[in-house]
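Notes for the one structure printed next.
The values are calculated or read from the model by the stated rules, or taken from the named source; none is laboratory data. What you see is a predicted model, and the numbers here were worked out from it, not measured in a lab. Here the Cβ is made from the backbone with ideal geometry for all residues, glycine too, and neighbour counts use every protein chain on show.
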Amino acid sequence: MGEWVKAIESGERPVYSEADRRRNGSMVLATATGGMLAFLALTAFLAGLVDSMAGGGGLISLPALLAAGVPPHFALGTNKVQSCLGTTFSTARYLRHGQVHVPIALTAAAAALTGSYGGSRVALVLPSERISAVIPPLVVAVAVITFARREFGVHDKFGVARVRDYVLAATAGLVIGFYDGFFGPGTGTFLAFAFVWLFGFGFARATGNTKLVNWASNVAAVIAFGLAAKVNWTVALAMGIANIAGNWLGAGWAIRGGARVIKPVFGLVLALLIIRLTLLR
């Protein structure tokens, strides 16, 4: 999210060559081939499948958009739209199966939106490299805690919500939301981990809570990008349909399989996050 806020709020208008303009915004529709759309749809499906279980779908779909020649500002906006469509359906499926603690998730969502705004404002004046250096050790720590304890996230141990739980939810949402606004990659993965670690949720319920928070964040991002006219709507909708399918299927697997299914995907996302952070340095 930090990246898209920088793109929108910086006020910078990049100068493109004529070739770039032909790829820019709605013009990409005129040059988009069936093969390109098929490639983007496939990556959107895989992104939705992964994101619905462990977060991190943007680590797959955003590079695909950039590889297809979509300019960065439009890639960020288009990615948010297709992700929002998919997350809507996975969130609905988790809700229908009782895998979301709505009051806790909404508390975290409200705090995350606040934190994200604050992080985005800081991102406009402070280089993201300041925080990117400390993220890889954090990812390693998350991986160690997750996989060193075999029972981590296997059983749902959360009982009746107390005041302390709402304070923790608000704190986690604020901190992770700030990270999302400032830097971005892996936000959903970190949030799912926090729901397991802080509250004792099983991975399925932790992921369900994360989806509701992600959905709120995505809606805010779509509005921002839409108002800034930084969305290729046809590509976004084509990818969105595939992303919906991936999210629906992945959520079903996660609900039925719980930690047995989610933890390996969680490990995959952590590995992708390490690769992404390494490439950014």
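Of Val261, Val160, which residue is more than 26 Å from Val125 (Cβ to Cβ), touching a residue at least 60 places away in the same chain (Cβ under 8 Å) and of a type in the set (A, V, I, L, M)?
Sole residue among the options that is more than 26 Å from Val125 (Cβ to Cβ), touching a residue at least 60 places away in the same chain (Cβ under 8 Å) and of a type in the set (A, V, I, L, M): Val261.
Go over the candidates Ile255, Ile262 one by one and state the one that is at pLDDT 90 or above, assigned to a helix (DSSP H, G or I) and farther than 20 Å from Leu59 by Cβ. Talk me through it step by step, then tell me what you get.
Values: Ile262 fails: farther than 20 Å from Leu59 by Cβ.
Checking each option against the conditions leaves just Ile255.
Scan the stretch 53-66 and tell me whether some residue there is on the phi > 0 side of the Ramachandran plot and outside any helix (DSSP H, G or I).
Scanning the stretch 53-66, I find at least one residue that is on the phi > 0 side of the Ramachandran plot and outside any helix (DSSP H, G or I), so the answer is yes.
Among the residues of the stretch 220-237, are any closer than 16 Å to Gly55 by Cα and of a type in the set (A, V, I, L, M)?
So far as the stretch 220-237 goes, no, none of its residues is closer than 16 Å to Gly55 by Cα and of a type in the set (A, V, I, L, M).
Return the residues of the stretch 62-72 that are within 13 Å of Asn232 (Cα to Cα) and buried (at least 24 other Cβ atoms within 10 Å of the Cβ); say none if nothing qualifies.
Residues satisfying the conditions are Leu65, Val70.
Would you point out the residue of the stretch 232-281, among those that are in contact with a Lys or Arg (Cβ under 8 Å, 6 or more places away or on another chain) and hydrophobic (A, V, I, L, M, F, W, C), that is surrounded by the most Cβ atoms within 10 Å (Cβ to Cβ)?
Ala251
State yes or no: is Ala105 buried (at least 24 other Cβ atoms within 10 Å of the Cβ), in contact with a helix residue (DSSP H, G or I) (Cβ under 7 Å, 6 or more places away or on another chain), under 23 Å from Asn209 (Cβ atoms) and hydrophobic (A, V, I, L, M, F, W, C)?
yes
When residues of the stretch 146-160 are filtered for being of a type in the set (A, V, I, L, M) and loosely packed, with under 14 Cβ neighbours inside 10 Å, how many remain?
Initially, the stretch 146-160 is screened for residues of a type in the set (A, V, I, L, M), giving 148, 154, 160.
Adding the requirement that they be loosely packed, with under 14 Cβ neighbours inside 10 Å leaves 148, 160.
Residues that pass the stated criteria total 2.
Hey, among the residues in the stretch 161-188 that are modelled with pLDDT of 90 or more and crowded, with 21+ Cβ neighbours inside 10 Å, which one's nearest to the chain's Cα centre (by Cα)?
In this case the residue turns out to be Gly173.
Looking at Ala194, Ala204, Ala216, Ala169 in this structure, which one is without any contact (Cβ under 8 Å) to a residue 24 or more places away in the chain, closer than 22 Å to Gly98 by Cα and part of a helix (DSSP H, G or I)?
On inspection, the qualifying residue turns out to be Ala194.
Looking at the structure I just gave you, is Asn209 among the polar types (S, T, N, Q), in contact with a helix residue (DSSP H, G or I) (Cβ under 6 Å, 6 or more places away or on another chain), more than 21 Å from Leu76 (Cα to Cα) and at pLDDT 90 or above?
Taking the combined requirement at face value, the residue satisfies it.
Tell me yes or no: at least one residue of the stretch 65-80 is of a type in the set (Ser, Thr, Tyr) and under 15 Å from Leu49 (Cα atoms).
No, the stretch 65-80 contains no residue that is of a type in the set (Ser, Thr, Tyr) and under 15 Å from Leu49 (Cα atoms).
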